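See below for the structure under consideration.
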Amino acid sequence: MDYKLTPSTAFLLLVPPFLWAGNAVVGRLLSDLIPPITLNFLRWAIAFLILLPIGYSIFRRTSGLWQNYRRYALLGLLGIGLYNALQYIALHTSTPINVTLVGASMPVWMLLIGFLFFDAKVARKQVIGAVLSVFGVVIVLSHGEWHQLLGLRFVVGDVFMVVATVVWSFYSWSLSQARDPAEIRRNWATFLLAQISFGVVWSGVFAAGEWALTDSVIHWGWPLVAGLAYVAVGPAIIAFRCWGLGVQRAGPNTAGFFNNLTPLFAALMSSAFLGEMPQTYHGVAFALIVSGIVLSSRR
């Protein structure tokens, strides 16, 4: 497949890491209010209800959804049922900075999984680009001071985030491997709803297991309602739509590099909320991450 990174595609791939940076912050804030897998289920159930009036046509008997149900069941399991559930579980026992650090391995996993399972060729420039991009993330996490990395401690939540990153890599590659039916592909809402329909079932089953096996409690209030509204609309509907289009246009390998902008956006958000000005190391990190993206996507 002939992939190409255009300015419009780059914009599409910039939107998800910006929204996902907010998702990590909100997920951490909600960790004491709602169980992680239940949070994931409610998030996608709300997204399903929002998209239903727009994309309900896919549930017709003659729709391509039923002819290709295996594909959408797999996409729903990987991208909706598992990925964010694992991330929210990670945020219960780990810190956002550790979760971000583990997530920074995304380009490496994209290259490795593409090579091992999807017959994708790995060019030297992509490996160099991955190193530059990850190096930029390390600068953000260390605030430009290497000795701060020595203070990082990894816990069980970080293992969950490793699994989540691998799952997302498989999801991204699966997005680019098949041509979807016209009635699903022509409308952005139907394509996303096809995945969410199965994803809600998967996440519902996982949430039921969470309540059966743990002493789960939900603390309802406006903070939880506002948090659910954000994660359902921004990081779910908008980010997934932009990511799906971006992956199909630029390819999974190139798209994976954009994920490393998430910790940079998170750092800038923290600066804005705390009233702190961005530092020099933010600029250096941004230059390295963008250099990795440009190098990996050059023909």
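The values are calculated or read from the model by the stated rules, or taken from the named source; none is laboratory data. As the structure is a computational prediction, the values presented were derived from the model and not from experiment. Using ideal geometry, Cβ is built from the backbone for each residue, glycine included, and neighbour counts are taken over all protein chains shown.
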Residue within segment 56-77 that is among the β-branched types (V, I, T), in a helix (DSSP H, G or I) and under 23 Å from W211 (Cβ atoms) present: no
Residue in segment 184-204 that is modelled with pLDDT under 90, surrounded by 22 or more Cβ atoms within 10 Å (Cβ to Cβ), closer than 15 Å to Y83 by Cα and not charged (D, E, K, R) present: no
Hits in segment 78-100 - residues which are of a type in the set (V, I, T), more than 21 Å from G244 (Cα to Cα) and part of a helix (DSSP H, G or I): I89, T93, I97, V99, T100
Within segment 113-130, tally of residues that are assigned to a helix (DSSP H, G or I) and either over 15 Å from Y171 (Cα atoms) or out of contact with any helix residue (DSSP H, G or I) (no Cβ under 8 Å at 6 or more places or on another chain) (or both): 9
Residue satisfying all of: in segment 1-16; surrounded by 22 or more Cβ atoms within 10 Å (Cβ to Cβ) and within 28 Å of G157 (Cβ to Cβ); farthest from the chain's Cα centre (by Cα) among these: L13
Residue in segment 20-40 that is surrounded by 21 or more Cβ atoms within 10 Å (Cβ to Cβ), touching a residue at least 60 places away in the same chain (Cβ under 8 Å) and among the aromatic types (F, W, Y) present: yes
